[in-house]
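Shown next, in structure tokens, is the structure this report addresses.
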Amino acid sequence: MFVEVSNYHGSLRVRIMHQVKIDGKWKRKLIEHIGSTREKAELELLKDKAKQKLDELKPQSALPLWSQAPSLPGISLSQPFAWGLWQVIGGIYDRMGLPTGLLKYLVLARIALPKSKRATARYLVNNLGYTISTSAIYKYMDSLSQSMVMDKLLAYAKTKATNQASIISIVFYDVTTLYFENDQEDEDVTTFETLLGLRKYGYSKDHRADQPQVVIGLTVDGNGFPLDFQVYRGNTYEGNTLLKGVSQVSQKLNLPASQLTVVADAGMLNATNLYELDKRGYHYIVGARLKSMSKSQTKVVLAKDYQKTGNLDTKLKFGDNIHRRLIVTYSDKRAQRHRQNRNRVIQHLQARLARGDVVKKSKYVSLDNDKHKLTGRIDIAKVGADARFDGLKGYITSTKLTVDEIVDYYSNLWQVEKSFRMSKTDLKARPAFHYRRQRIIAHLTICVCALAVLREFNQKLTTLATDTDGQPVGQSIALEQLLAIWRYQLNIKEGINSPIYSETNKLQKQLLDL
């Protein structure tokens, strides 16, 4: 970790940053924002505060155990063991009722050091005293049951909801993609039956259309706790995954369709999905694509003066005699953001057009194909048409909830998006070099299990007292502190052996009590 001073909108901001390696590239990660200023004197104060905070955040070194390590003849330390990780993260794992044995060690290693299976085997023997070969890990993955693990997670989530006198009646669903370090997709194999290849080229949310991928559908509860996931072929359209994801979690929750509400983003919005959700009796809240609606629907949406009369809550006709509730809200802040984003895109397009670059695809550009070259210009009419939607956000729902409740539930979609971010960054979920179908699914099962443990860990962190600046303790800092707590074997010449623990600071003591 280090202190960074950088320019931001005319001010100097002071932040504590951390260098992390993601997908083989070093990237900076924000740990804490200290403050911003335009004054030189105040800047020095912020830098001093940042340095003091940095000293507090840096984990204590596990060695030496004392300020000045003794060097006495006949005394030695051996068998280092990641005690903080085992006690806190391992304890959360155990309380969730997950299987004991190798899965627990793989989950802990995925949280502490999310790397290859070979690196995992080294970590386990060096830090948790668990000796296993890479081939044994692969053999275990070949028999790991996704349904068994997910059933355990779902049972825990249901028990937790019951203890809070509630049930899981609202779930959030989204889709992401994970690509592989390989330039060949899987072939479809036909023997007695056709086995479709899993790794396929498709639309990549990681902007890696040059690599084969898989599509992951994830369902979480309101706290982002994973309830179920599915793995699809890499060329699967995300909208075609919704019904299977909702049906599976509904069956596992043992809830009738009428008692389950699913929240999904606009990517899941198509006529087939909404028709099937209505037909099966599910309640839903999905994002509306306002700019893709019919002319008659668009006329209704744009006819309202939102700043004077508030939100739109109406029923519109979709298809043959199907009427659905459409909610449209307006926000000045959102309108400003829309304008800023559009202006930034237009400025970039204008610079490209001025250089003579060919802009083949842009909703703001009209192409002029003369005899000599392909040129373009900014279409003012298209810009104006787009600006009419500034500040608007639409929702389609079958519920009778209030507008505020609908907006609130939909805004909680960030929970599943955060789960995907945690999986991709903190847990390195991308199975870069796996190629066997079962091992890909087993790898993702381990990652989702680790995600569930981290979600519980994050919830427990909210119970800790805030730091000296009133900021909550974040996951990155908490894990660093836990990984600095060790247990050793103290060996004395006379044959006396005793466990000894690294000295803990105030935050580490609080974490051990979670």
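Extending 7 Å from the Cα toward the beta-carbon at both Arg334 and Lys509 defines two label points whose distance is 4.8 nm. Ordering 154-166, 93-105, 479-491 by mean Cβ neighbour count within 10 Å, with the highest value first, yields 479-491, 93-105, 154-166.
Label reach from Asn497 (point 7 Å along Cα→C-beta): in region 119-146, amide nitrogens under 17 Å belong to 126-131.
Among the listed pairs Lys53/Lys460; Lys29/Lys393; Lys295/Lys363; Lys117/Lys428; Lys244/Lys291; Lys244/Lys393, a Cα-Cα separation exceeding 20 Å is found for Lys53/Lys460; Lys29/Lys393; Lys244/Lys291; Lys244/Lys393.
The H on the amide N of Gly197, modeled in the peptide plane, is under 5 Å from the matching H of Asp188, Val189, each at least 5 residues off or on a different chain.
Here is what passes the span test in the chain: the DSSP H helices with alpha carbon length of 27 Å or more along the helix axis and a Kyte-Doolittle mean of 0.0 or above are 437-461. Spacing of the modelled spin labels on Ser116 and Lys308, each 7 Å from Cα toward Cβ, amounts to 6.7 nm. Counting 0.36 nm for each residue step from Ile322 to Thr462 and taking away their Cα separation leaves a gain of 45.9 nm.
Quick one: length gained pulling Leu195 to Tyr435 fully straight, 0.36 nm per residue minus the C-alpha distance? Computed gain between Leu195 and Tyr435 is 84.9 nm. For the peptides 111-117, 442-448, 336-342, the ranking by packing is 442-448, 111-117, 336-342, with the highest mean count of neighbouring Cβ atoms within 10 Å listed first. Take every Cα pair under 8 Å whose residues are at least 6 apart in sequence, average their separation, divide by the length of the chain, and the relative contact order is 19 percent. Restricting region 375-470 to chymotrypsin sites (Phe, Trp or Tyr not before Pro) that sit in a DSSP loop and have at most 14 other Cβ atoms within 10 Å of their own Cβ leaves Phe433, Tyr435.
The numbers here are math on the coordinates, done by the rules we state, and not lab data. Owing to the predicted nature of the structure, the values given are computational and were not obtained by experimental measurement. Neighbour counts are summed over all protein chains in view; Cβ atoms, including those assigned to glycine, are modelled from backbone coordinates with ideal geometry.
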